[in-house]
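Before any comments, here is the structure.
The values are calculated or read from the model by the stated rules, or taken from the named source; none is laboratory data. No experiment lies behind these values; they were computed from the predicted model shown. No Cβ is skipped: glycine too gets one built from the backbone with ideal geometry, and neighbour counts run over all protein chains shown. Ligands, DNA and RNA are excluded from the accessible area calculation, which covers all protein heavy atoms including side chains. Shrake-Rupley method; radii C 1.70, N 1.55, O 1.52, S 1.80 Å.
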Amino acid sequence: MENTSSDIRQLNEKIHQASAFVDLLNMELGKVIVGQKYMVERLLIGLLAQGHVLLEGVPGLAKTLSIKSLSSAINGKFSRIQFTPDLLPADVIGTMIYNQQRNEFMVRRGPIFANFILADEINRAPAKVQSALLEAMQERQITIGDTTFKLDEPFLVLATQNPIEQEGTYMLPEAQVDRFMLKVVIGYPTKEEERHIIRQNLNPQATPEIRPVIQPSDIMEARKLVREVYMDEKIEKYIIDIVFATRNPEEYKLQKLKPLIAYGGSPRASINLALAAKAYAFMKRRGYVIPEDVRSICFDVMRHRVGLTYEAEAENVTSENILSEILNAVEVP
Amino acid sequence: MYTKPVIRSIFLCLLLGLIFPVVLRAQTAPEVHAGVDTTSIRIGEQIKLRLTATIPANQFGTTKIGFPVLPDSIEHFEVVSRTNIDTSGDQQLKVLAQTFVLTSFDSGHWEIPPMRFDVQKASNNAVIDTLSTSPVGVDVGTVAVDTTKAFRPIKTVQGAPWRIWDYWMEITGGMLLVLIIIGIIWFIRSRKKVVPEKPTPTVTPYELAMQQLHALKAEQVWQRGDVKMYYTRLTDILRTYFEHQFGIAALEQTTEELLQHIKPVTKLNQQRDKLRQLLSLADLAKFAKMQPTADEHEACMRQTEEILEWTRPKKESENEGVVTQEA
């Protein structure tokens, strides 16, 4: 059914009211997390758009604190899995154990049964553990023995990868990386932020506790609204143009990128770009998507979906460089 | 005193004495000879052994001389090379010759053994006689070694003497290359220089934008209900104008990005608020199906014209006029 002008106005007002919790969440998280607004914003996009987030950054950038605080603010269950080379799929999803008293096998649920999962250093575990987690992320259900268990909603996985110390790691294959809606690269805080962090940590009494400001059910409602955010066909075309430019750059007068790109974004990239743009618009308390929304989340949605050739790697060209070129060449509607 | 007959006899005797050796020299049978160019060499040096057979010209057709066939080495000597049998001569004598280059690595006095030639009938190759040369003695001297002096190291590889013909390919190639370069330079210089005509802009970006705005007005797009198209075209006209006039890639920028990028352009930045208002309203119309009022449509058109008017490059005459007025 086609949205009319009045429908969108009503939707806009509805979303304006419904998205008020975003400011509340930001305020609550801001009590303990200094800086890293970008990361927190992306976590919320993942949460609202029903996607998962792959985080890349050096250790000590408040990744655990962020997702733990988000979990507390939403009154959700948090669990952290430290991925190591000897980890087994059963350590993540759970297993059947024998109960001698009852003389039967019982299910022992793994740490994945939570609302917020921090999969720390996901590339340190072997492929079978990675695929167990990624399958759960995709299906949102786990099968142990003969029983299938639905995972709690909202379900958000924040996986981290350390860009340094690549020795002895198992790089996530492209097909697995594609399952993450966003790949966020975070950097160090500013000097002012770092000073604030030091003061906060040296005075533990000053560290406030995170209080729940919303309930998981509110997030589920918000998710429904996010999907209702109006996206004009011009924006759809813009998204398609961006994704197609990663596949066939020569059609967008970007012949020079052709030898640098091994493969472009999949249809899943288009879906996620549209969904994340809607979530971003929701967070900006709008009921419609504008080109700014697409551009704002484009790098995070696309950077892990553009494969680089050896030539690009030899020339130190990154996927961000390629995306910048594309965004500067594709006409904004 | 001698008598006349005695004198005549003496004269006759002297004459016969002179003529007789000539008559004796006239050859009647084949002869063979072996000769060397030197009879004394040092070890490893080469000598030329020349074998010749002379045969009266009148026997040349009926008689053949079979030259000895030398193996690659004979006692104390090595055959380095050999020539084919060469025939020369005149009407009385024919000379057949073959030259061998020999060397020796044994010091001492050695003799090249006698060489056997077969005289054969030409008709059936039957041997009718055998001729032999005299042995030829050759002294092969060794190098005198001064044992009182210390040993010297083996000499390094010696370069062959430089010869220009060893490099004929490079020289020819280089010359050809030089000729080709000269030819290309000549060709380029001799070409008629075509001065590219500077494209004279028929319309300025301002004029083009104004033309497009007039066309938009004339088409009465929003009056026909296509508000989205109206704002799309309006903002496209403005963005294209910015791109052509100020070199800002406005068509590839979002509203916020564009407002950021106009900051360095002072004249444009002065219209920032107006531009923000216009682009924001256009975004709502384009992406949120908002239906602005007729007054807002008109206001947007007016604002666009004002921005164009404010930012258009002034002609010199206009500037002068302004200065005069201010003065």
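Side notes on the structure shown:
- In angstrom, the C-alpha Rg and Dmax of region A:231-329 are 13.5, 44.
- Principal-axis tilt of helix B:168-190 within chain B, Cα atoms, nearest 10 degrees: 30
- Applying 1/(1 + (r/R0)^6) with R0 = 30 Å to the Cβ-Cβ distance of residue A:80 and residue A:285 gives a FRET efficiency near 0.40.
- When each of A:31/A:63; A:128/A:183; A:14/A:224; A:37/A:183; A:37/A:284 is checked by Cα-Cα distance, pairs over 19 Å: A:128/A:183
- Summed residue charge, Cβ within 12 Å of residue A:80's Cβ, Lys/Arg positive, Asp/Glu negative: +1
- Buried on assembly, region B:277-312 (at least 10 Å² less accessible surface than by itself, 1.4 Å probe): B:283, B:284, B:286, B:287, B:288, B:289, B:290, B:291
- Applying 1/(1 + (r/R0)^6) with r as the Cβ-Cβ distance of residue A:314 and residue A:38 and R0 = 22 angstrom yields a FRET efficiency of 0.15.
- Estimated 222 nm signal from helices in chain B, with DSSP H stretches of n ≥ 4 weighted -39500 (n - 2.57), rounded to 500: -13500 deg cm²/dmol
- Within 10 Å of the Cβ of each residue in A:285-291, the mean number of Cβ atoms contributed by other protein chains is 4.
- Sites excluded, trypsin sites (Lys or Arg not before Pro) in DSSP loops with at most 10 other C-beta within 10 Å, longest stretch of chain B: B:1-148
- Scanning chain A for long hydrophobic helices, with DSSP H runs required to stretch 18 angstrom or more by C-alpha along their axis and to average at least -0.5 on the Kyte-Doolittle scale, returns A:233-247, A:267-283.
- Set the Cα radius of gyration of chain B against 2.2 N^0.38 Å, with N its number of residues, and you get 2.87.
- Other protein chain Cβ atoms within 10 Å, averaged over every residue that makes up B:243-254: 3
- Sum of side-chain charges, residue A:198 neighbourhood, beta-carbon under 14 Å (Lys, Arg +1; Asp, Glu -1): 0
- Computed from the alpha carbon positions, the gyration tensor of region B:205-314 leads to an equivalent ellipsoid with semi-axes of 22, 16, 12 Å, biggest first.
- Virtual paramagnetic centre 7 Å along Cα→Cβ of residue A:218, amide N under 19 Å, in region A:28-61: A:28-33, A:40-50
- Per residue accessible area of region B:27-141, 1.4 Å probe, in Å²: 56
- Cut-off 14 Å (backbone N to label point 7 Å along Cα→Cβ of residue A:102), residues of region A:146-175: A:146-147
- When accessible surface is computed with a 1.4 Å probe, chains B and A are found to bury approximately 1600 Å² between them, both chains counted.
- Inter-chain Cβ neighbour count for A:322-329, averaged per residue, equals 1 (cutoff 10 Å, partner chain atoms only).
- Net charge of the neighbourhood of residue B:308, taken over other residues with C-beta under 14 Å away and scored Lys/Arg +1, Asp/Glu -1, is +1.
- For residue A:220, solvent-accessible area (1.4 Å; no DNA, RNA or ligand), Å²: 60
- Histogrammed with a bin width of 20 Å, the alpha carbon distances of the protein assembly as shown distribute as 12, 27, 17, 10, 10, 14, 7, 2, 1 percent, first bin at zero.
- Surface exposure of chain A, expressed per residue as accessible area with a 1.4 Å probe, stands at 48 Å².
- Inter-part distance where region A:249-273 and region A:28-75 are each reduced to a Cα centre, Å: 29
- At most 14 other Cβ within 10 Å, DSSP loop - trypsin sites (Lys or Arg not before Pro), region A:114-223: A:140
- Two-site FRET efficiency, residue B:189 against residue B:214, from Cβ-Cβ distance with R₀ of 51 Å, rounded to 0.05: 0.50
- Among the GluC sites (Glu not before Pro) in region B:238-314, none sits in a DSSP loop with a Cβ that has at most 14 other Cβ atoms within 10 Å.
- Cα pair distances of region A:58-202 binned at 5 Å [whole percent]: 2, 8, 16, 19, 19, 14, 9, 6, 3, 2, 1, 0, 0
- The alpha carbon centroids of region A:222-236 and region B:189-264 are separated by 31 Å.
- Cleavage-rule hits (GluC sites (Glu not before Pro)) in region B:28-112: DSSP loop, at most 11 neighbouring Cβ within 10 angstrom: B:75
- Adding -39500 (n - 2.57) for every DSSP H run of four residues or longer, then dividing by how many residues chain A holds, sets the calculated 222 nm ellipticity at -14000 deg cm²/dmol.
- Portion, in percent, of the accessible area of the protein assembly as shown that falls on carbon or sulfur, probe 1.4 Å: 55
- Compared with the alpha-carbon gap, the fully stretched path from residue B:224 to residue B:269 is longer by 12.8 nm at 0.36 nm per residue.
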